[in-house]
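Novice: Questions regarding the structure given below will be posed in turn.
Laboratory data are not the source of any read-out in this text; all were calculated from the coordinates shown. No experiment lies behind these values; they were computed from the predicted model shown. So basically every Cβ, Gly included, is an ideal-geometry build from the backbone, and we count neighbours across all protein chains shown.
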Amino acid sequence: MGNPVERRPRCSAGHSGCLRSRSVPGEEDRADGREFLGLIARLSPLIGKSRDTRGKSLDQLVRWSDHGTRRITARTRKRIWSQVNHFLDWAVYEGHLRQNPFRTVRFEGKVKPAPYAVPTDDEVRALLDARDEVIHDPLKVCLLTGMRSGEAVGLLREDLIRKGNLGWFVWVRPNALRELKTDAAERLVPLHPDLEDLLGQLPPEGPLFPDLSVNVVTKRFADLRERLKIDRPGLVFHSTRKWFITQCERTGVPEHFTASLVGHKSARSENGITYGIYSAGISDEQKRGIVDQIRLPSC
């Protein structure tokens with residue numbers, strides 16, 4: 001077999017034709033990376049929804065996708081590219097590869113911001129008044145904390161922390177149920193006073209929403225929208241996060257304060273050094289003051 005460090009790897013997706021012998025050192029790496037990017041650009045967004053695609057190789061998925069016309073977005077392609085590069089970097093770290101063969105290739109796709117809509121006050125009222133038996137509680141939690149759906153449904157009872165006269169806080173952190181999107185996503189968020197009554201109704205230990213997953217929440221939200229005849233494009237469960245951020249902006253909260261609450265990375269200065277390195281961030285008292293001024297639309 002030989003030394004695994006010395007062997008040339010296949011394409012990370014197992015594509016048998018990706019690696020070729022070329023005369024210019026390093027050129028094979030760039031060509032392999034470009035070929036991989038070209039293949040994933042041909043993938044259909046439906047491959048994750050069909051039983052026929054389970055366990056298929058990249059070649060097989062591309063052939064399956066070629067029967068249709070829909071293709072995954074640049075945002076999804078970039079996410080796949082990033083994950084593959086993380087895997088190859090890990091392989092280098094573990095000594096399986098001498099270098100990441102894709103590192104010399106730049107992702108050129110133009111990623112557009114996700115077109116999520118911000119719910120209107122009337123829409124928020126209608127969604128909450130429906131009191132959906134499955135997602136009403138996480139819906140209200142996300143509206144009043146700005147958490148992502150995965151962060152909310154992945155909460156454990158031990159993630160709720162009492163901080164004296166400042167009340168309850170939610171420690172959004174990696175746990176046994178889920179990881180976080182970025183390092184900046186780990187944070188302490190004050191629990192809004194309107195949510196404190198909810199604590200007594202949730203499990204006293206373990207997962208707060210044991211029967212929920214992101215998939216269940218998003219599908220149920222789509223069903224709820226249909227029942228309420230709210231058909232505005234871009235209005236998805238993630239829009240609750242946009243609603244929270246919008247309320248912060250409208251009440252005059254500085255952008256980097258809001259960023260610390262919702263888990264966004266913020267440079268907070270032109271060169272990103274002064275606050276990014278030297279500041280400990282905003283205080284719990286400041287966070288509490290921001291969250292407490294958020295108000296759900298009244299009837």
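Novice: Name the trypsin sites (Lys or Arg not before Pro) in region 38-121 that are in a loop by DSSP and that have at most 16 other C-beta atoms within 10 Å, would you?
Specialist: Answer in residue order: Arg42, Arg54, Lys56, Arg70, Arg71, Arg98, Arg103, Arg106, Lys110.
Novice: What are the lysines whose alpha-carbon lies under 18 Å from the alpha-carbon of Lys229, with same-chain residues fewer than 8 places away excluded?
Specialist: Hits, sequence-local ones excluded: Lys219.
Novice: Computed FRET efficiency, Cβ-Cβ of Arg71 and Glu249, R0 45 Å: what is it to the nearest 0.05?
Specialist: FRET efficiency, Arg71 to Glu249: 0.85.
Novice: Oh, and also: Take the cross-link list Lys78/Lys110; Lys56/Lys112; Lys242/Lys265 and give me the ones stretching past 19 Å between alpha-carbons.
Specialist: Check vs 19 Å cut-off fails for Lys56/Lys112.
Novice: Starting from region 183-231, pick out the GluC sites (Glu not before Pro) whose DSSP state is loop and whose Cβ has at most 15 other Cβ atoms within 10 Å.
Specialist: Answer in residue order: Glu186, Glu205.
Novice: Additional query: Set the Förster radius R0 to 41 Å, insert the Cβ-Cβ distance between Asp194 and Ser82 as r into 1/(1 + (r/R0)^6), and round the FRET efficiency to 0.05.
Specialist: About 0.65, to the nearest 0.05.
Novice: So how much slack lies between Arg63 and Arg227, counting 0.36 nm per residue of separation and subtracting their Cα-Cα distance, in nm? Please list the in-between numbers first.
Specialist: Working: separation 164, 0.36 × 164 = 59.04 nm, distance 3.75 nm.
Gain in length upon complete extension: 55.3 nm.
Novice: Now for a different question. Along Cα→Cβ, 7 Å out, is where each label goes; now give me the distance between the ones at Asp121 and Asp292 in nm to one decimal.
Specialist: 2.3
Novice: Out of Trp90, Val124, Ser50, whose Cα points farthest toward the positive end of the dipole of region 50-173 (charges: +1 Lys, Arg; -1 Asp, Glu; placed on Cβ)?
Specialist: About the Cα centre, the residue reaching furthest to the positive side is Trp90.
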